[in-house]
Amino acid sequence: MPQMHAGAKWRLVIPSAQAYGAEGAGDLIAPYTPLVFEIELLAVGD
């Protein structure tokens, strides 16, 4: 994610069709569930 800078916070939403779709992931993720990731870049190293 080259556009992120230290301290940036992003929320990524992956539609169910691009994630687990109709099958889901067992008891963890129901079918047709979008995935949501909240990411914070704390620091950038060399």
Is one or more of the residues making up the range 15-36 on the phi < 0 side of the Ramachandran plot, loosely packed, with under 12 Cβ neighbours inside 10 Å and touching a Gly at 6+ places or on another chain (Cβ under 8 Å)?
-> yes
Top-ranked residue in the range 19-46 [being part of a strand (DSSP E or B) and out of contact with any Phe, Trp or Tyr (no Cβ under 9 Å at 6 or more places or on another chain); ranked as nearest to Q3 (Cα to Cα)] = V36
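Laboratory data are not the source of any read-out in this text; all were calculated from the coordinates shown. Treat the numbers as computed from the prediction; the structure is a model and nothing was measured. Cβ sites come from the backbone with ideal geometry, for glycine too, and all protein chains shown count toward neighbours.
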